[in-house]
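Asker: Sharing a structure here in structure tokens format.
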């Protein structure tokens, strides 16, 4: 950041907008979750009862469980595919590489609702029904760009001689992958796992099209509940989602650092 | 058949020919250097021997077995990369032990062999360090230990010393040679540094544009090169062109109407045009005498350069400049002096070689 008047006023202006539009509503939501009476601000007291009521709502517990399983499965699958794609793409040059990587990255540039609608249409046309598998596949498609981009960024600086050295001491290509390449990509794989989990855990747009009754995720459950009830319980539930996401991202930052991918190069 | 046998090996990428039908036998226990400028195909040859690159044609035999179709991991080779290629996430010990782990070597034997290899390169004390905590010379030693711990049939070195600074490089040359001799390892050493190649090797291969120009002992490569290219690449050379003449029992080369230089070597018959060369240390300078040596080449001292181990005269001969290396005694000549050159130039066998 250049230390010019324009630069610093943009910086502070941006920061102010960020607080006003992103953090302030979240902060209000969190405060409201401790309000004993209703979804109003400022609160008229302090209570934790809304948090306790979660335990009385089996729908929410089940949804939380569904979201967790889906998130973990998406994280593993999406990151795994992202790593494989990044390694494969690194060995290609020219048009094929550019084409395939933009194809895999495209969910980043297309509105999520359109991706979801397209997937829904295809699944419908193929005569499939919404199951955990179609939901999982959809989550993988929309999250794949993140691990792909992370791992590719780290692969840029990767020296193939490190793999070749493994081959010269008797490693098969698969052993070289497990013993040399993947451990060296850890700095981009671990954050990818967590980021994909968070994205999947929070995803609403894709899930609304493709989830079914047995696999209602937490954001869907929350939205469904909101249609009939408007009480601080919803704020409490949202607070849990927010805090869980923040904690996970903090773990990433503390272990390998959110900027680790770039610093490594 | 030698320990390494390269038969008619070629490699091309599209229309670019990196190696053109190379034949090469490396004897058991031999230290062979492959010398050439970048792009001459020397690294490609080494990578093909290792199996890191597949040849477009030809065969590779290691220890009598045809390994042409064998992947790298099935060949029993040790390879040292130019940048060492140590695994940054593993300790020195694990870097060296990886090959043994892959072979499921029992723990006790593994520990002993890794420690032995580290002892051989004087790194036992640093076994727990990460590569990033080592100096360049130490990293080089780890790379060597990693290559020798598996008791390979051949040791392949791809410019392993070029990443080190000069003093360290000279120390490592001695260590490398000692290690190689102690273990009796058949070694192929790729380098673009002619001094390194000459000082370490039993034999030297000089490569040019994918073909072997000359394969011989360091002495023969330096003193009896087969072409201008080799003469130029392995040291400084000054070339003479002229007609070879019989002069009693000796030969001379007439450079001009009144200038003849004594030559030796079975390059050309009398009466034919030829090319001869001298090395800077083969020439002595003398003060011209009024009546003797009328036909010897004359030059004018241009400048004197002091190097400690030698004093070099730069002498202008016609419109060319040659270097004459002398011991750094009190200089006999000053800039501007006219001198005669006493030397025996060596005829190149191949008169057809390009200027």
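The values are calculated or read from the model by the stated rules, or taken from the named source; none is laboratory data. These figures come from a predicted structure and were not determined experimentally. Neighbour counts run over all protein chains shown; Cβ positions are idealised from the backbone, glycine included.
Asker: Tell me which residues, restricted to the range A:91-112, are within 19 Å of residue A:208 (Cβ to Cβ) and surrounded by 13 or more Cβ atoms within 10 Å (Cβ to Cβ).
Answerer: Step one: filter the range A:91-112 for residues within 19 Å of residue A:208 (Cβ to Cβ), giving A:107, A:110-112.
Selection gives A:107, A:112.
Asker: So, in the range A:149-169, how many residues would count as being within 14 Å of chain B (Cβ to nearest Cβ) and in a helix (DSSP H, G or I)?
Answerer: Summing the residues that are within 14 Å of chain B (Cβ to nearest Cβ) and in a helix (DSSP H, G or I) in the range A:149-169 gives 10.
Asker: With A:38, A:64, A:27, A:15 as the choices, which residue is in a helix (DSSP H, G or I) and in contact (Cβ under 8 Å) with a residue 40 or more places away in the chain? Explain how you work it out, then say what you get.
Answerer: Working: A:38 fails: in a helix (DSSP H, G or I); A:27 fails: in contact (Cβ under 8 Å) with a residue 40 or more places away in the chain; A:15 fails: in contact (Cβ under 8 Å) with a residue 40 or more places away in the chain.
Exactly one of A:38, A:64, A:27, A:15 is in a helix (DSSP H, G or I) and in contact (Cβ under 8 Å) with a residue 40 or more places away in the chain, namely A:64.
Asker: Still on this structure, please answer the following. Restricting to the range A:174-185, count the residues that are assigned to a helix (DSSP H, G or I) and more than 8 Å from every other protein chain (Cβ to nearest Cβ).
Answerer: Taking the range A:174-185 first, the residues assigned to a helix (DSSP H, G or I) are A:174-184.
With more than 8 Å from every other protein chain (Cβ to nearest Cβ) added as a condition, the list becomes A:174, A:176-178, A:181-182.
Adding up the residues that qualify gives 6.
Asker: Can residue B:67 be described as more than 12 Å from chain A (Cβ to nearest Cβ) and surrounded by 19 or more Cβ atoms within 10 Å (Cβ to Cβ)?
Answerer: Values: more than 12 Å from chain A (Cβ to nearest Cβ): yes; surrounded by 19 or more Cβ atoms within 10 Å (Cβ to Cβ): yes.
Here the answer is yes, as residue B:67 does meet what is asked.
Asker: Here is a further query. Taking the range B:89-103 as the region of interest, how many residues are in a helix (DSSP H, G or I) and either on the phi > 0 side of the Ramachandran plot or within 7 Å of chain A (Cβ to nearest Cβ) (or both)?
Answerer: Filtering the range B:89-103 down to residues in a helix (DSSP H, G or I) leaves B:92-102.
When the remaining residues are screened for being either on the phi > 0 side of the Ramachandran plot or within 7 Å of chain A (Cβ to nearest Cβ) (or both), the result is B:98-99, B:102.
Within the range B:89-103, residues that are in a helix (DSSP H, G or I) and either on the phi > 0 side of the Ramachandran plot or within 7 Å of chain A (Cβ to nearest Cβ) (or both) number 3.
Asker: Still on this structure, I have one more. Pick out the one residue from B:201, B:227 that is within 23 Å of residue B:48 (Cβ to Cβ) and in the same structural domain as residue B:37 (by TED's automatic domain parsing).
Answerer: Numbers: B:227 fails: within 23 Å of residue B:48 (Cβ to Cβ).
Exactly one of B:201, B:227 is within 23 Å of residue B:48 (Cβ to Cβ) and in the same structural domain as residue B:37 (by TED's automatic domain parsing), namely B:201.
Asker: Which of the strands (runs of 3 or more DSSP E) found entirely inside the range B:13-73 contain at least 3 residues meeting this: farther than 13 Å from residue B:158 by Cα? Write out each step before concluding.
Answerer: Details: elements: B:16-26, B:31-35, B:57-62.
Here the list reads B:16-26, B:57-62.
Asker: May I ask you to list the residues in the range A:213-255 that are outside any helix (DSSP H, G or I) and either modelled with pLDDT of 85 or more or under 14 Å from residue A:67 (Cβ atoms) (or both)?
Answerer: First, the residues of the range A:213-255 that are outside any helix (DSSP H, G or I): A:216-217, A:229-231.
Matches in the range A:213-255: A:216, A:217.
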